[in-house]
Each structure stands twice: as structure tokens, then as C-alpha cells.
Ligand code: SF4
């Protein structure tokens with residue numbers, strides 16, 4: 001997992017509430033054997049016309065949002081199933097930060113496993129951020145995870161809460177596996193003991 | 001302090017606990033099949049992580065493989081074919097042992113692993129498959145994990161785990177001739193419910209368990225998961241040791257002696273305390289049949305389909321009604337009056353040689369009615385060959401059964417073998433969930449002997465009466 005570093009990036013606007021995981025990644029795309037490549041199917045039914053061409057009405061098809069790393073979205077983002085394919089798709093598409101007033105629990109957890117920072121803000125702040133994007137499409141926001149702040153050219157300065165342990169994992173690029181790997185010295189020394197306890201498992 | 005077998009295995013595999021995190025448990029064996037592993041390999045690749053211990057892994061192809069010979073050479077389902085090919089590529093790339101479809105060792109993961117002695121007493125064993133509990137028959141702590149955990153184990157050989165509570169299920173007395181390990185398992189689930197084991201690791205003990213063969217113990221532990229438990233365990237004894245001796249992955253020479261000595265130290269100590277103890281009498285366990293859509297919805301075959309009013313618990317009463325609706329059954333119908341369209345003998349619960357012997361004994365001389373399809377699917381090529389050497393295939397085909405190639409087949413109906421809506425099936429597999437054997441399919445779980453008797457009669461029969469007549 002990549003380390004999460006402070007960045008200034010284009011913020012895309014998705015002014016919809018209750019965006020669920022079925023919309024994020026539809027079930028016909030779950031049968032892949034890969035974890036990558038889901039980005040092209042992100043928001044499939046909204047994003048493409050029947051004939052497969054991009055739907056110009058869909059907000060993320062707005063050329064001004066190209067290369068956006070920050071997604072500003074309505075309430076209760078990521079509700080629905082526990083499929084980890086949803087954050088896989090979001091990450092693969094290029095977002096590493098989602099700002100909303102609330103996130104579904106499992107989705108919120110899954111974000112951290114995939115290097116995505118979900119930022120919870122109050123309703124007024126969300127409205128202000130959305131207005132700034134509407135007024136100035138393509139505007140770039142600055143996310144400072146170290147100091148837990150977001151700032152905008154329009155003068156919005158906001159602080160957000162995040163669990164210290166998770167923050168550290170994002171900054172260090174540690175997923176669950178990374179955490180265990182951080183104990184590699186302990187695993188190594190256990191394994192030495194294991195070889196003495198169960199030599200027949202190592203004799204080959 | 002006196003310890004349970006689970007605690008002994010736990011202690012021997014405890015690696016470390018970092019503050020604020022779960023304890024890390026070391027994993028000795030990692031079993032794999034084609035369906036739950038591809039994203040885990042992909043994840044490793046993306047992160048640039050190697051597999052920590054490739055020797056701990058054994059893989060097979062079983063879930064999507066067709067059980068008709070012609071289809072095996074050219075998989076009809078493109079997605080299944082891709083999963084199979086991906087597994088082959090992944091194993092090839094990492095140098096993992098794979099029993100592919102051309103291998104004479106191919107079969108269902110939980111059937112082939114014991115055949116080769118890959119899991120031993122006292123080992124921690126995981127697989128992206130809930131029926132990994134099967135290997136508890138050897139006194140190994142074995143359980144199913146998710147895809148991210150598959151990746152976790154490949155990368156670290158460890159899993160963050162919290163300690164389970166312990167339950168002792170003691171079955172004393174002697175099983176009647178017609179009841180089997182499957183009936184014990186179903187009776188236990190009927191007794192404690194599918195959530196009764198939540199948070200527990202079960203140790204099965206008592207005279208009736210000791211009397212079971214290794215194959216019977218595998219059937220029993222296989223179903224620990226259906227009672228909600230993380231894993232099931234049976235203490236290793238002389239049968240366990242005899243079973244493993246000489247197997248491909250069993251220790252050899254001096255190592256064998258050391259291993260056996262260790263295995264003998266594993267059974268729970270005298271006076272070890274369990275968080276919960278359940279006792280059953282083997283004599284009381286009649287051949288069982290499920291009537292609903294959960295394994296706990298089960299009755300002895302000589303009884304009738306229950307009514308919602310038979311349950312004091314409101315949730316269970318509601319579940320009863322919805323199961324009756326789905327299963328198309330009336331309360332009060334005698335189980336033996338229910339006819340079937342299909343019989344499936346197979347799955348990692350009941351597809352070992354002993355299961356085919358038991359079923360063949362009953363199937364001999366019977367004739368499957370023309371409106372019933374009966375398929376016998378060995379758990380592995382080893383089982384298939386052995387059965388053929390004993391002439392069992394002939395008994396089945398003479399009785400009108402189809403004799404197939406090995407695989408999971410109609411256990412989860414992912415390989416093309418499946419029920420059509422409304423079809424009723426007597427199945428030796430492990431789950432009777434809605435749609436498990438095909439959309440709208442109705443599954444009744446039974447033992448192999450019961451399946452064979454059912455196939456012969458076209459309806460459920462109390463095998464105890466067959467002999468009498
Ligand atoms: S036979 Fe059924 S339960 Fe067993 S591994 Fe295959 S699908 Fe899973």
C-alpha cells in the first residue's frame with residue numbers, strides 16, 4: 001500500500017446521498033480474478049450510456065475533474081454490502097480521499113485497508129466545500145493528514161478527526177498485512193523456536 | 001495447570017501480541033483452491049510481497065471443475081476456466097504444489113489433504129473455505145478464512161486471531177448400526193443450533209467419537225462450522241497415528257518418532273476446564289434428515305415435518321414457516337412420505353471411500369426410479385480408483401446411478417451440476433441453504449447410507465426398516 005502523503009489535488013463533486021456499494025461497483029464486475037482493474041467499472045451504470053460511451057451528464061465525466069484525487073460526496077457514502085471491491089474500484093480510479101458527512105461502517109473500515117482517507121465533516125462544512133467546487137470547477141484542495149486539516153483556495157480551513165492508530169497506518173502505508181510484517185523480527189524469532197519444536201515440519 | 005487441546009495448540013503457535021492489536025497466531029499449513037485465492041495473489045503482487053513459506057501451501061482445483069469427463073478437458077464456463085487457469089499460473093509462478101485436473105491426486109481440497117498426510121495433529125491449518133474444520137479430525141486447529149486473510153497468511157505466515165472459548169461435546173455410548181458420523185453431526189447441530197457454537201472451538205470426545213474411523217471423524221469435524229464454531233477437534237489416538245504413517249507428507253524415520261511423541265502430548269489434560277460441556281448419548285441418535293433450509297432444521301427420519309407452533313422461540317417459528325414455504329412441505333408430513341427428484345452422494349462431508357462403501361451396501365440390488373436422478377461423485381481420484389477397484393462403481397451404475405469424476409459438484413453447484421427450481425434432493429453434502437444446489441432447489445441433508453436408500457425408493461426411507469423387511 002502506498003504511503004498517504006499530504007497533497008493538493010483537484011476535488012470532484014458528487015452531490016448525491018446514500019451512494020451504495022452496488023452503485024460503486026455493480027455485481028456483474030465481481031467475478032474477476034484480479035483485485036485491480038475495477039476503476040473502469042466504477043459507477044458503471046451512471047457513468048456510461050447503454051452503448052458504452054461516456055455519459056456526459058455524469059459528474060465525474062466532467063473534464064474539469066480529470067485527475068481528481070479528492071471526492072466530495074453527499075451523506076452516508078458507501079452503504080450496502082461489505083464487498084472490498086468498492087474501495088478497490090475507488091482506489092484504482094485514482095481517488096485517495098473522500099469527504100462526506102458520514103460513511104457506512106464497513107466501507108469506512110475497508111478504506112483504510114486500501115490506503116484511502118475518508119474524512120468526516122459537518123453538514124455546513126460539506127455545503128461550503130460543495131459550493132466552492134460548483135463555483136470553481138477544477139479547484140484543488142489541500143489535504144494535510146499529518147495535521148488533520150483541509151484547506152481550500154476559497155479560504156475554508158477545516159480540521160478533522162481520525163483515530164491515531166489508523167492515521168499512522170495510512171502515513172506509513174501499512175495495511176493489516178503491513179502491520180503484521182512490522183513484527184517480522186518477532187515472527188523470525190518465533191520461527192526459530194518453531195523449528196526446534198516441530199523439526200519434522202521443516203525437514204524436507 | 002490442566003490445559004485443553006485447543007489451549008495447547010494455541011500456546012504453541014502464539015507469536016506475539018503488540019499493544020492495541022490482536023495476538024498473532026502462526027500458521028503451519030495453508031490449503032488453497034481456485035475460487036477464493038486469485039485476489040490474494042494479485043494483492044501480493046501489487047504490494048510486491050513474496051510468499052513467506054511456499055512449503056506450507058497445498059492447492060487443488062475442485063470448486064468449478066466439471067464432473068463429466070468430456071467437460072473437464074474443455075471447461076464450458078469461461079469464468080470457471082479463468083479461475084482454474086489463474087490458479088495454475090499462480091502455483092506455477094510461486095512453485096506451489098498443485099493437484100491440477102491432470103493429476104491423479106486431484107480432488108476436493110479437504111479430501112486430498114488427508115490422503116497425502118499434509119495436516120498433522122497439533123498443526124494450525126487455514127484455507128479460504130469454511131469446511132477447513134474437517135482437518136480437526138486429526139487434532140489440528142483448522143478453520144476457514146477470507147480472501148484478505150489468505151493474502152495475509154501468504155505474506156506473513158501469521159494471522160491476527162483472538163482466542164476462542166472452548167466447548168466439549170461428549171458423545172458416550174454406542175452408535176446403532178444405522179447411524180453414522182453424519183447423524184451425530186446433524187444431531188449435535190439440532191441440539192445446539194447453527195449459532196450454538198459461535199465463539200467456540202469444539203472438542204468432540206467420548207466413546208462414540210473414539211469409536212469413529214478417521215473418515216467418520218472428518219465428517220464430524222467438517223460440520224463444526226455448521227454449528228457456528230470456529231473449528232472442531234478430535235484428540236489424536238492410535239487410529240490417527242496409523243492413518244498418517246507412511247503418507248507422503250508424514251514425517252519419516254527419527255522425525256516420525258519425535259512427531260508421534262508430540263502428538264501423544266496433545267489430548268486435553270485430565271481436569272482441563274471447558275467453557276461449556278454438552279453431552280449426548282449415541283444410542284439416542286437415529287438416522288437424521290433435514291427438513292428446512294438450515295442444518296439445524298433436522299429430525300430423526302421416523303418423525304414428521306414440524307410446525308411453527310412446535311417452537312417456543314418466535315424467531316425459530318418464523319424461520320420454520322419460511323423454510324416450509326421454500327421447501328414446499330406441509331407440517332405433519334412424515335419424512336418417509338416425502339419423495340425426491342435427485343440424490344447427490346458427494347462433497348467434502350461424505351465422499352471418502354468409507355462413504356461409498358456404506359452407500360453401495362445399501363444401493364446393491366436396488367433400482368433408482370426413472371423419475372429420479374442419482375449421482376455419485378467421489379471426493380478424489382484416489383477414492384474413485386479405490387471404489388472402482390472394489391467394484392463399487394458397478395453397484396451404483398447397475399442400480400441406475402451416474403458415476404462421475406471428482407469435485408465439489410452439487411455441494412455448491414458452481415460447476416454446472418445443479419438442481420432446477422422446485423427439484424428436491426437428498427444430499428450428503430453440508431448445507432441446505434436456499435438456492436445452494438441451484439436456484440429454487442430443495443436440499444435435504446442425509447448420510448450416505450440414507451442417500452442410497454432414498455435413491456432406491458424415490459423417497460426418504462428409514463434404513464433401519466430396510467433390514468427388517
Ligand atoms: S465440497 Fe462443498 S463444502 Fe466442501 S470444499 Fe467443496 S464446496 Fe466447499
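Bear in mind these aren't lab numbers, they're just calculated from the coordinates by the rules spelled out. On a predicted model such as this, the values are computed, not experimentally measured, just so you know. Counting neighbours? That spans all protein chains shown, and the Cβs are built from the backbone with ideal geometry, glycine included.
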Discussion item. Between helix A:123-135 and chain A, what is the angle of the helix's C-alpha long axis to the longest principal axis, kept within 0 to 90° and rounded to the nearest 10?
Written reply: 60
Worksheet item: What's the FRET efficiency of residue A:135 with residue B:276 using the Cβ-Cβ distance as r and R₀ = 45 Å, to the nearest 0.05?
Response: 0.10
Item to complete: Take peptide B:121-127, look around each residue's Cβ out to 10 angstrom, count Cβ atoms belonging to other protein chains, and average those counts.
Response: 1
Fill in: Volume per residue that the Cα convex hull of chain B spans, once the total is divided by residue count, Å³
152
Discussion item. Springs between alpha-carbon pairs under 10 angstrom, Gaussian network model over chain A: which of A:108, A:48, A:190 fluctuates most?
Written reply: A:190
Worksheet entry | Prolate/oblate/rounded label for the range A:55-176 (Cα gyration tensor, a/c 1.5) | oblate
Item to complete: Find the Cα radius of gyration of the range B:279-408, compare it with 2.2 N^0.38 Å by division, and give the number to two decimals.
Response: 1.24
Item to complete: Would you mind pulling out the separation of the Cα centroids of the range B:130-178 and the range A:114-153, in Å?
Response: 46
Item to complete: Would you mind telling me which residue in A:122, A:144, A:163 has the biggest mean-square fluctuation in a Gaussian network model of chain A, where springs connect alpha carbons within a distance under 10 angstrom?
Response: A:163
Worksheet item: Out of the DSSP beta bridges found with both residues in the protein assembly as shown, what percent are antiparallel (nearest 5)?
Response: 30
Worksheet entry | Normalised contact order of chain B, rounded percent, pairs of Cα under 8 Å and 6 or more residues apart | 17
Fill in: Cα shape, the range B:98-204, gyration tensor, a/c 1.5 rule
oblate
Response to the item:
Note on the range B:62-184: contact order normalised by length, alpha-carbon pairs under 8 Å, 6 or more apart, percent, works out to 13
Practice prompt. Quick one: grab the alpha carbon gyration tensor of the range B:325-469, order the square roots of its eigenvalues as a ≥ b ≥ c, and give me rounded if a/c is under 1.5, else prolate or oblate depending on whether a/b is larger than b/c.
Written response: oblate
Item to complete: Please average, across the residues of B:143-156, the number of beta carbons from any other chain that are within 10 Å of each residue's own beta carbon, and give a whole number.
Response: 3
Worksheet item: So what is the 222 nm mean residue ellipticity for chain B from helices alone, if each DSSP H run of at least 4 adds -39500 (n - 2.57) and you divide by all residues, rounding to the nearest 500 deg cm²/dmol?
Response: -9500 deg cm²/dmol
Practice prompt. For chain B, give the share of DSSP beta bridges that are antiparallel, in percent and rounded to the nearest 5; count only bridges with both residues there.
Written response: 20
Discussion item. If the elastic network links every pair of Cα atoms under 10 Å, which of A:84, A:34, A:59 fluctuates the most in the Gaussian network model of chain A?
Written reply: A:34
Item to complete: State, as an integer percentage, the relative contact order of chain A based on alpha-carbon contacts under 8 Å between residues 6 or more apart.
Response: 25
Practice prompt. Please give the calculated 222 nm ellipticity per residue for chain A, where each DSSP H segment of at least 4 residues contributes -39500 (n - 2.57) and the sum is spread over every residue; nearest 500 deg cm²/dmol?
Written response: -9500 deg cm²/dmol
Worksheet item: Shielding of B:131-140 by partners, i.e. mean partner chain Cβ atoms within 10 Å per residue?
Response: 0
